[in-house]
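What follows draws every value from the coordinates through simple rules; no lab data is involved. Source: prediction; values computed, not measured.
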Amino acid sequence: MATRQSVEEHIQVCENSIVSAREQYEKAGMQEHYNEEEYTSSLQQLETAYNDLAKLAFSCNSQQRERLHRMRLQLQQLQNSMILRGH
């Protein structure tokens, strides 16, 4: 079973990835193609965070799993927005 601390740490990593990706998303709207490397890096961070949460969910209880699922949905939604923007 996953510990409460490990779940909290993964959630924090995800939240940090979301903040960073949102910044890049906003910059992309203003600067167009000037920050491609950072934009791509943010997308990769989101993907890594998503995959890590999926792995962690296997060893969680139902309450933790639900929380991780909600975070995964947030990650996925931001990923989709960034991909559709087509930087």
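For the chain, what does the helix formula give at 222 nm: sum of -39500 (n - 2.57) over DSSP H segments with n ≥ 4, over the residue count, nearest 500 deg cm²/dmol? Each step should come with its number before you reach the end.
On the way: 3 runs with 74 residues, N = 87.
Helix-only estimate at 222 nm: -30000 deg cm²/dmol.
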**Study point:** Relative contact order computed over the chain (Cα-Cα under 8 Å; 6+ residues apart), in percent
**Key:** 41
